[in-house]
């Protein structure tokens, strides 16, 4: 589900042949439309623009080209990428993130190469030659794998930030080098696209729906354009590319659906052109009037044409539900992607057993602590303390207890991301000497010795089945999975279940997804660090949090850097913490990993000032990922943000 095993090249070739053999016998209706000419035309245009950008950047370095010309060519190149983004991000997300359009932050090298392979080996090629014409998504990265290392970011986002900064003149050489690497990274995806004989209809329409999610969550929020803030013109190019791609499907829809979808596509483009100011752009209207209806309609067309989802076709457990009709719907994300518990093994009885275990203090060594000790339902499953009380008298655990509502939507758990699934997360609590201070073996033994629990487990798993760690984990996971839902007042408005939403809340959402830049880390719809549109990866950030809201001393917790995950022992992760959801945040004070901020007003003031770096503490927090720029929010804007966050309360438990 979440882990891929790297295969030798020969095995990959064999499997590729088998896969294409099977594909060739699949119903021709799924490959009826020939998208290949359009795809190849677009990638050729992008390649041409990157070559022109390379020449322009070299001219800028030699001072024969003006900054204005460089910016114009970068804008053209980015628009060309946006015409390809739907396809490239769908088929080659790793390559795009690493080399074409990744976030402008230092990160672990996705393809670290062992230096001893710089000379030819028994494959007859060097690592550089091996990867030159192959996208990262298709490379056996294990064969040449070297020591872990951190690399500088590259790609269009980095260039956007650099070329449109105030220091671009001093960075001419760096800009030229970045553009050269971008130009070098394009042939790999071009070659891969050329080698495809066809593109399945169901892949294309699914890619288009995901592109709508990406356009809203990463496009119009400004995430993708950190320097130029050219988000809205780029969204125009994106919507137009989607319109062209889906036109063969739309044409075949029933007349009413066809007419409505064509009107929505034209309307979305015109709305972006007409309302082209980034700060005043009404993202709420754009979402409700165009993005969500288009997402729904394309799903309807897919069903009308009897096209399966890729999850159905390839037998995968997907992170998002292709049958969903609303990006803010309860069924949009699939909780079973994030757990080892299969959906067909879940049940009301299993959930009830998990709930009983959740409140059971006898599971801890002290017989006084349960999961509910730190996760109280009335506080949206937090505990209202800066840091939670431990099982050791007079001591507290290291960090604040986050909400469990919608917490399942994560590929890694805890503030330092040390656990990879719900079952692993429970193990850390059970074995921590400051918490349950016991073991799975001891818990299983105790449950098997309890006539009541023995009967409870048998009623769920069958007569004669003893309690095991596997059954215990299933039950607990089932209960945590049940603590989810998008039923807040804001969700109901987006879903069309209610017609009213106050102006203050509407303004707050538009600020959250616009000027205040909250949504560039707290991504919609979960408003957490779960990265759209695939929702398969959680981000962490170095915010530069202080020990408390009135302190001038940055917090010293090393966070992710000190987690037991070896790959995270890098300086870029010192002081880095998981980006948790802001849903139900008005119920989960105090805030941040250290619980040092008592109110949302204090939190917003912290962000408004740009964190530690924004207040002059760059030396103390050298790797802060939160932009240090002051947001200059007005008192009303701060109130509106809080009103919006309050409208995300959804504590039905």
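Side notes on the structure shown:
- Of the residues making up the range 447-458, those that are over 16 Å from residue 354 (Cβ atoms) and in contact with a helix residue (DSSP H, G or I) (Cβ under 7 Å, 6 or more places away or on another chain) are 448, 454.
- Filter result for residue 535 (within 26 Å of residue 296 (Cα to Cα) and in a loop (DSSP other than H, G, I, E, B)): yes
- The single residue among 590, 566, 533, 525 that is surrounded by fewer than 23 Cβ atoms within 10 Å (Cβ to Cβ) and modelled with pLDDT of 95 or more turns out to be 590.
- The range 601-610 - residue that is under 24 Å from the mean Cα position of the chain (by Cα) and either over 27 Å from residue 568 (Cβ atoms) or modelled with pLDDT under 95 (or both) and, of those, surrounded by the most Cβ atoms within 10 Å (Cβ to Cβ): 604
- Selection within the range 131-147: residues that are outside any loop (DSSP other than H, G, I, E, B) and in contact with a strand residue (DSSP E or B) (Cβ under 9 Å, 6 or more places away or on another chain). The member of this set that is surrounded by the most Cβ atoms within 10 Å (Cβ to Cβ) is 131.
- Counting only helices (runs of 4 or more DSSP H) that sit completely within the range 562-649, those holding 1 or more residues that are touching a helix residue (DSSP H, G or I) at 6+ places or on another chain (Cβ under 8 Å) correspond to 600-608, 635-646.
- Checking each residue in the range 477-493 for being farther than 12 Å from residue 651 by Cα and buried (at least 23 other Cβ atoms within 10 Å of the Cβ) picks out 477, 478, 480, 490.
Yes or no, residue by residue, for (1) closer than 30 Å to residue 582 by Cα; (2) crowded, with 20+ Cβ neighbours inside 10 Å; (3) in contact (Cβ under 8 Å) with a residue 12 or more places away in the chain:
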position: 370; (1), (2), (3): yes, no, yes
position: 375; (1), (2), (3): yes, yes, yes
position: 388; (1), (2), (3): yes, yes, yes
position: 401; (1), (2), (3): yes, yes, yes
position: 404; (1), (2), (3): yes, yes, yes
position: 411; (1), (2), (3): yes, no, yes
position: 439; (1), (2), (3): no, no, no
position: 447; (1), (2), (3): no, yes, yes
position: 458; (1), (2), (3): no, no, no
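- The set of residues in the range 339-351 that are exposed (fewer than 15 other Cβ atoms within 10 Å of the Cβ), part of a helix (DSSP H, G or I) and under 31 Å from the mean Cα position of the chain (by Cα) comprises 343, 344, 345, 348.
- Of the set (1) surrounded by 16 or more Cβ atoms within 10 Å (Cβ to Cβ); (2) closer than 22 Å to residue 201 by Cα, all apply to residue 255 but (1).
- Any hit, the range 401-423, residues being modelled with pLDDT under 95, over 23 Å from residue 539 (Cα atoms) and either in the same structural domain as residue 560 (by TED's automatic domain parsing) or in contact with a strand residue (DSSP E or B) (Cβ under 9 Å, 6 or more places away or on another chain) (or both): no
- In this entry, residue 250 is excluded by the filter for residues that are assigned to a helix (DSSP H, G or I) and closer than 29 Å to residue 138 by Cβ.
- The single residue among 650, 629 that is crowded, with 17+ Cβ neighbours inside 10 Å and modelled with pLDDT under 95 turns out to be 650.
- Scanning the range 148-158 for residues being surrounded by fewer than 16 Cβ atoms within 10 Å (Cβ to Cβ) and either in the same structural domain as residue 229 (by TED's automatic domain parsing) or outside any loop (DSSP other than H, G, I, E, B) (or both) gives a total of 2.
- When we screen 161, 206, 171, 190 for residues that are part of a helix (DSSP H, G or I), farther than 30 Å from residue 35 by Cβ and touching a residue at least 24 places away in the same chain (Cβ under 8 Å), the only hit is 161.
- Filter result for residue 50 (surrounded by 17 or more Cβ atoms within 10 Å (Cβ to Cβ), in contact with a helix residue (DSSP H, G or I) (Cβ under 7 Å, 6 or more places away or on another chain), in the same structural domain as residue 110 (by TED's automatic domain parsing) and within 25 Å of residue 109 (Cβ to Cβ)): yes
- Considering (1) under 18 Å from residue 535 (Cα atoms); (2) surrounded by 21 or more Cβ atoms within 10 Å (Cβ to Cβ); (3) at pLDDT 95 or above, the lone condition that residue 354 does not fulfil carries the number (1).
- Some residue of the range 271-288 being assigned to a helix (DSSP H, G or I), in contact with a helix residue (DSSP H, G or I) (Cβ under 8 Å, 6 or more places away or on another chain) and within 21 Å of residue 321 (Cα to Cα): yes
- In summary, residue 362 fulfils each of the numbered conditions (1) modelled with pLDDT of 95 or more; (2) surrounded by fewer than 21 Cβ atoms within 10 Å (Cβ to Cβ); (3) under 17 Å from residue 440 (Cβ atoms) with the single exception of condition (1).
- Some residue of the range 113-133 being modelled with pLDDT of 85 or more and out of contact with any helix residue (DSSP H, G or I) (no Cβ under 6 Å at 6 or more places or on another chain): no
- Some residue of the range 611-619 being buried (at least 22 other Cβ atoms within 10 Å of the Cβ) and closer than 23 Å to residue 412 by Cβ: yes
- Scanning the range 216-235 finds no residues that are buried (at least 22 other Cβ atoms within 10 Å of the Cβ) and under 25 Å from residue 306 (Cβ atoms).
- Residue 472 being under 16 Å from residue 327 (Cα atoms) and crowded, with 23+ Cβ neighbours inside 10 Å: no
- In the range 390-399, the qualifying residues are those that are touching a residue at least 40 places away in the same chain (Cβ under 8 Å) and farther than 30 Å from residue 337 by Cα, and the one that is farthest from the chain's Cα centre (by Cα) is 392.
- Residue count for the range 87-115 satisfying the condition of being surrounded by 18 or more Cβ atoms within 10 Å (Cβ to Cβ), assigned to a loop (DSSP other than H, G, I, E, B) and touching a strand residue (DSSP E or B) at 6+ places or on another chain (Cβ under 6 Å): 1.
The values are calculated or read from the model by the stated rules, or taken from the named source; none is laboratory data. Just so it is clear, the structure is predicted and the values come from calculations on it, not from any experiment. Methodologically, a virtual Cβ is constructed for each residue, glycine included, from the backbone with ideal geometry; neighbour enumeration extends over all protein chains shown.
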